[in-house]
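Novice: I am attaching a structure below and will ask some questions about it afterwards.
Please treat every number below as a calculation from the coordinates, not as lab data. None of these values were measured; they are calculated from a predicted model. Ideal geometry is used to build each Cβ from the backbone, glycine not excepted, and the neighbour counts take in all protein chains shown.
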């Protein structure tokens, strides 16, 4: 039998919250606004399934290049290529 290769495969430890951080995140995380050119870290919030970027981009830093609906487009360097990741604000953290 062939195992399925879904988008959350092999993410048991990656998409896990600490016991005291369990549950939904605050609403202010969803109301964040980023401007073009802002540096952001992609930190996937496993309690919010909508607008979740692919697990390969978890922990990477990129630049906001625009909006796409309620989400933001983030340019990320993946090896030698520039990739555009579409993620909602719950999964982005401003890089200071």
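Novice: Dimensions of the range 44-88 along principal axes (Cα, Å, largest first)?
Specialist: 31, 20, 12
Novice: Ranking 1, 52 by Cβ neighbours within 10 Å, fewest first, what do you get?
Specialist: Ascending number of Cβ neighbours within 10 Å: 1, 52.
Novice: In whole percent, what relative contact order does the chain give with Cα contacts below 8 Å and a gap of six or more residues?
Specialist: 29 percent
Novice: Same structure again: Would you look at the GNM of the chain, springs on alpha carbons closer than 10 Å, and say which of 65, 44, 27 moves the most?
Specialist: Taking springs between Cα atoms under 10 Å, the residue moving most is 27.
Novice: How long, wide and thick is the chain, going by the Cα atoms along their three principal axes, in whole angstroms, largest first?
Specialist: 45, 36, 25 Å, listed from the longest principal axis down.
Novice: What is the order of 33, 74, 40, 86, fewest Cβ neighbours within 10 Å to most?
Specialist: So the residues, fewest neighbours to most, are 33, 86, 40, 74.
Novice: I would also like to ask the following. With just the Cα atoms of the range 1-48, tell me how far they stretch along each of the three principal axes, in Å, largest first.
Specialist: Dimensions of the range 1-48 along the principal axes of its Cα atoms: 47, 30, 14 Å.
Novice: Can you sort 39, 81 so the residue with the fewest Cβ neighbours within 10 Å comes first?
Specialist: Listing 39, 81 from fewest to most nearby Cβ atoms yields 81, 39.
Novice: When the helix-only estimate is applied to the chain (DSSP H runs of n ≥ 4, each -39,500 (n - 2.57), divided by the residue count), what is the mean residue ellipticity at 222 nm, nearest 500 deg cm²/dmol?
Specialist: After summing the helix terms and dividing by the residues of the chain, the value is -500 deg cm²/dmol.
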